[in-house]
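What follows is a set of notes on a single structure, which appears directly below.
Since every read-out is calculated from the coordinates, none of them should be taken as a lab result. Note that this is a predicted model, so its numbers are computed, not measured. Cβ placement follows ideal geometry from the backbone for every residue including glycine, while neighbour counts extend to all protein chains displayed.
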């Protein structure tokens, strides 16, 4: 076991969308970084499947796929000369109850359009929701604290029941969430992409391309520790100039054995860009102030997969909605939707659970049950048995707190943690799970907090 020391401006824990983008921006600003990432590459929820036989090496995204056409996206992709193309999600949608086979009754288009106009008008009343939670007014408006189902009833948004049931399927028990979280997820930029501007994606149809490009650029002058975990963090409270991060990296390249390399990173600042869950935060040695906030988060579980199956339609989303359940939420755990990909016969699957995390075997069991439901829906014979190609756990998909906590100033207190004990935080928890919003809130954290913090650190 070897031990080596690294000296950097910022140590970033987590190399997903937030951590990768933070490293990219800090690199542009001539700061040194070290990224500690559990996986083998940057990108987090952006995952792409290739197979020389099954897909002829054609990429298939089964995490992040379409992106909002925003400057933060266009600028980063232009920096790496990655061309973008505009697309609209114009697939047909077949909504039915996978448990019973019953179709969901369509809502007249005029009712949906009128309700959507009302929702957009209401959304415009809260422009501070555009980036992060830091600019929430005090007190937080009652509408944002109320459960979303009450908000829907108050403003006569029933015409959006099917639409919200579709768009929010991965968000867990969204009718019970404070309205704040739904408005963050279905924000102004999201609606613009859905309804008017369309989406963008790399011309290659490989969403991971941007993170490979970032990795290649950063590798030349920055430190990236993949297949690595933080063992402990010291000196967050001491008078020393730097936080000390002890990292273990697993080396699986040796044919006969797996070795572990230990490194010690000395950093002026620490940026935590992983989900703020107890298991992830334990190494920080939380104080009571930190622990009292982070312990309030609740999360649903969300999984994606790719399957090879014959007989599914190539131009239709097949969505699971509970016909006789409140807000058409399906009984979970279960498949949420089957969606076609760019390769005929390869289908993208989403699976949700709100009560507990699922093993991979349990996710696969949900998928097989979902395929059986589609087979019954389509009349049987032409739908083959499915081959599950890959499964990915995207949990926690959305971390939320209660409306009572929001009203009591939770996000004001969370924002005040930025810089506390030399540690800063970013990621989807500080905004929502869309990649552009993760990037924008990360830049906000850097500009408002971390960069001023670096200026105030000796050495």
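The Cα atoms of segment 11-165 give a gyration tensor whose axes a ≥ b ≥ c have a/c of 1.5 or more with a/b no greater than b/c, which makes the shape oblate.
Oblate is the label for segment 208-340. Its Cα gyration tensor axes, ordered a ≥ b ≥ c, give a/c of at least 1.5 and b/c at or above a/b. Taking every DSSP beta bridge that has both ends in the chain, the antiparallel portion is near 65%. Pairs of alpha carbons in segment 310-459 separated by more than 26 Å make up 48% of all such pairs.
Here the extension length gained between residue 365 and residue 238 equals 40.7 nm, from 0.36 nm per residue of separation less the Cα-Cα distance. As a footprinting exposure proxy, order 354, 398, 223 by other Cβ within 10 Å, with the fewest listed first. Least crowded to most crowded, the residues run 354, 223, 398. Using only the C-alpha atoms, the convex hull of segment 201-242 corresponds to 127 Å³ per residue. With a/c under 1.5 counting as rounded, go ahead and sort segment 57-149 into rounded, prolate or oblate using the C-alpha gyration tensor (a ≥ b ≥ c being the square roots of the eigenvalues; past the cut-off, prolate if a/b is larger than b/c, else oblate). It comes out oblate by the Cα gyration axes. Size of segment 403-459: Rg and Dmax of its alpha carbons, in Å, are 12.8, 43. In the chain, the longest principal axis of the Cα atoms and the axis of helix 435-445 are about 30 degrees apart. In the chain, the longest principal axis of the Cα atoms and the axis of helix 360-377 are about 20 degrees apart.
If the chain linking residue 443 and residue 195 were pulled fully straight, counting 0.36 nm for each residue of separation and taking away their Cα-Cα distance, it would gain 86.6 nm.
With a simple spin-label model that places each label point 7 Å from the Cα along the Cα-to-Cβ direction, the separation between residue 75 and residue 416 comes to 3.1 nm.
Note: the chain, Cα convex hull, 150 Å³ per residue. The distance between label points at residue 125 and residue 88 comes to 3.1 nm (points 7 Å beyond Cα on the Cα→Cβ vector).
Counting 0.36 nm for each residue step from residue 310 to residue 58 and taking away their Cα separation leaves a gain of 88.9 nm. Panel order for 95, 435, by other beta carbons found within 10 Å of each beta carbon, from fewest to most: 95, 435.
Ordered by the count of other Cβ atoms within 10 Å of each Cβ, fewest first, 295, 11, 366, 261 give 295, 261, 366, 11.
Distances between every pair of Cα atoms in segment 271-328, grouped in 5 Å steps from 0 to the bin holding the largest one, split as 4, 11, 15, 14, 10, 9, 10, 11, 10, 5, 2, 0 percent. Placing dummy labels 7 Å off each Cα toward the beta-carbon, the span from residue 378 to residue 212 is 3.1 nm. Taken along its three principal axes, the alpha carbon spread of segment 13-70 comes to 43, 29, 16 Å, from the longest extent down to the shortest. Counting only alpha carbon atoms, the long axis of helix 209-219 and the longest principal axis of the chain meet at about 10°. I need the calculated FRET efficiency for the pair residue 100 and residue 250, taking r as the beta carbon distance and R₀ as 51 Å, to the nearest 0.05. Calculated transfer efficiency: 0.60. P(r) for segment 358-443, from all Cα pairs and a bin width of 10 Å, is 13, 26, 23, 19, 13, 5, 0 %, short bins first. The three principal axes of the C-alpha atoms in segment 103-240 carry coordinate ranges of 58, 45, 29 Å, sorted with the longest axis first. Applying 1/(1 + (r/R0)^6) with r as the Cβ-Cβ distance of residue 109 and residue 262 and R0 = 60 angstrom yields a FRET efficiency of 0.45.
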